[in-house]
Amino acid sequence: MLKLACMVRCSGYNLMRDPRYNKGLAFTERERETHYLRGLLPPAIVSQELQERKIMNNIRQYQVPLQRYMAMMDLQENNERLFYKLLIDNVEELLPVVYTPTVGEACQKYGSIFSRPQGLFISLKEKGKILEVLKNWPERSIQVIVVTDGERILGLGDLGCQGMGIPVGKLALYTALGGVRPSACLPITLDVGTNNKDLLNDEFYIGLRQRRATGQEYTDFLQEFMTAVKQNYGEKVLIQFEDFANHNAFELLARYGTTHLVFNDDIQGTASVVLAGLIAAQKLLGGTLAEHTFLFLGAGEAGTGIAELIALEISRQTKAPIEECRKKIWLVDSKGLIVSSRKESLQHFKKPWAHEHETIGNLLDAVNAIKPTVLIGTSGKGQTFTQDVIEAISSFNERPIILALSNPTSQSECTAEQAYTWSKGRAVFATGSPFDPVEYDGKIYVPGQANNAYIFPGFGLGVVMSGAIRVHDDMLLAASEALAQQVSEENFEKGLIYPPFSNIRKISAHIAANVAAKAYELGLASRRPRPKDLVKYAESCMYSPVYRNYR
């Protein structure tokens, strides 16, 4: 009896230390009385709104972005609902803190700032026991998993186990922007070693100190993981592959796309958000996608993924075979323009883009030869859209579309100021990371951000709420079209081809509805009956960060 009484009286103490239920000074008088919180809190009772103002004031005092990131992570670990309320209400200010570009630096220094684990770390030590490891996670109703092996974190390379910052950040956005419940989200890092010598020699590194597993060992480990996930969580859990290197990313998507509900944000999410911007740009410029010629700098998973989705959309619009539509799209890699004479030496995912043309060794010559109307950078290398390149494409286009998509900011192919200045204010411009507005020739230009965060949270919600069992390319096209429809005339007047992030939950609801509608149309949705109003249903499914009353 004494032990039971102690457990009851300890409930208030435990309530304050569980981030899902903690409200800090917002616990009411009645809650403090009912849940044995008397004396455990100062007497003041404050609203969630006042807490939000205080924390935002504190965060704004930090001059170093990484300090802001750490403050937000501390809040997430202490008070979950306040964290999400803060992020939702201040999304444009805090998105760069919890996501790109600051999350890149956080991953680089993850071992040094690591205090409390988030998500599951599954290493080669757990081979043969992965199902047991998954069962160690306390939540059972998982709907979305974001998983990385840390080999290609943003444009920063192999960060091994420290890539965990990416799944954690992505899932925070699944909840804040897409409304997926935090308890339904699971971040996972697969630690198969790292080839980063600096990390292997870093005393604060938190992962396995060995070189990366490859070949059959890697394949078997991934197979065990994918089998265990399906066995533990069922067929309708969405598995998002994140920041895998090219040589694994395409293979994993191809291998598991027909057996699991899988999505690769670097390939498919990036493609969908870029296509949305291009569709919106046609409303700004007039004409159709089929009238454009596209040139990419970068032929990895992002570049080829975007190229393929553009070709699919052109094929859908024109009814032409996709092979014909691919001929309007050219790619430049580290060896120059991808052409037919190079086909034998190309990786398999580059071969569809090897067209008949003479060999060209650099981007500037490719621009002058191909004369693209759209220039897209996915190279991961900063300052590659030089003044010569931008002046060249501007010389034969009244309004060139220039997308410098590489993250973080330091890796962007050019800055907003460079794009607008060198094109004499004529470029329709967007980037992967945020840039401030630019004044040129007395006019203010606002660069758009082709951020995957526009797509994957709403896409994931649409998949979850429809009970989809597979991801189909048409669902990605549906997401792109929904996002493009959210760009207003007011946005176009500023030169924007993406809507403001301040409306992101509304945007995500429309994307989710479009994706769910396509899943039902394709016979891939398992949740019956289909809701009559999918937008309203999406909004009703969204997690609310407002404090609940505990009676």
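The values are calculated or read from the model by the stated rules, or taken from the named source; none is laboratory data. Treat the numbers as computed from the prediction; the structure is a model and nothing was measured. All Cβ positions, even for glycine, are placed from backbone atoms using ideal geometry, and neighbour counts span all protein chains on display. Just so you know, the surface numbers come from the protein's heavy atoms only, side chains and all, with ligands and any DNA or RNA stripped out. Shrake-Rupley method; radii C 1.70, N 1.55, O 1.52, S 1.80 Å.
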Among the residues of the range 338-393, which ones are open to solvent by 30 Å² or more (accessible area, probe 1.4 Å), on the phi > 0 side of the Ramachandran plot and within 27 Å of the chain's Cα centre (by Cα)? GLN383
Every residue in the range 466-521 that is touching an Asp or Glu at 6+ places or on another chain (Cβ under 6 Å) and of a type in the set (Val, Ile, Thr), please. ILE469
Against the conditions (1) open to solvent by less than 10 Å² (accessible area, probe 1.4 Å); (2) part of a loop (DSSP other than H, G, I, E, B), where does ARG399 fall short? Just the number, please. (1)
If only one of ALA517, ALA478 is modelled with pLDDT of 95 or more and either open to solvent by 10 Å² or more (accessible area, probe 1.4 Å) or touching a strand residue (DSSP E or B) at 6+ places or on another chain (Cβ under 7 Å) (or both), which one is it? ALA517
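Might you check whether a residue that is farther than 18 Å from LEU278 by Cα and among the hydroxyl-bearing types (Ser, Thr, Tyr) occurs anywhere in the range 372-383?
Yes.
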Complete set of residues in the range 421-444 that are within 26 Å of TYR99 (Cα to Cα) and either hydroxyl-bearing (Ser, Thr, Tyr) or assigned to a loop (DSSP other than H, G, I, E, B) (or both): THR431, GLY432, SER433, PRO434, PHE435, ASP436, PRO437
Which residue is nearest to HIS510 (Cα to Cα), if the candidates are limited to the range 164-193 and must be under 23 Å from the mean Cα position of the chain (by Cα) and assigned to a loop (DSSP other than H, G, I, E, B)? GLY179
Testing SER466 on (1) open to solvent by less than 20 Å² (accessible area, probe 1.4 Å); (2) under 20 Å from the mean Cα position of the chain (by Cα); (3) of a type outside the set (D, E, K, R); (4) under 20 Å from GLN240 (Cβ atoms), one condition comes back false. Which one is that? (2)
Just to be sure I understand, how many residues within the range 483-501 are more than 17 Å from the chain's Cα centre (by Cα) and assigned to a helix (DSSP H, G or I)? 7
For LYS343, are the conditions met, namely being assigned to a loop (DSSP other than H, G, I, E, B) and not aromatic (Phe, Trp, Tyr)? no
Quick check on GLN162: is it of a type in the set (S, T, N, Q) and open to solvent by 10 Å² or more (accessible area, probe 1.4 Å)? no
One residue is enough: does the range 60-69 have a residue meeting the conditions buried (at least 19 other Cβ atoms within 10 Å of the Cβ) and on the phi < 0 side of the Ramachandran plot? yes
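Results for (1) touching a His at 6+ places or on another chain (Cβ under 8 Å); (2) closer than 24 Å to SER466 by Cβ; (3) open to solvent by less than 10 Å² (accessible area, probe 1.4 Å), shown as yes or no for each residue.
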| position | (1), (2), (3) |
| --- | --- |
| GLY257 | no, yes, no |
| GLY277 | no, no, yes |
| LYS283 | no, no, no |
| THR288 | no, no, no |
| GLU291 | no, no, no |
| PHE296 | no, no, yes |
| ALA302 | no, no, no |
| ILE306 | no, no, yes |
| GLU313 | no, yes, yes |
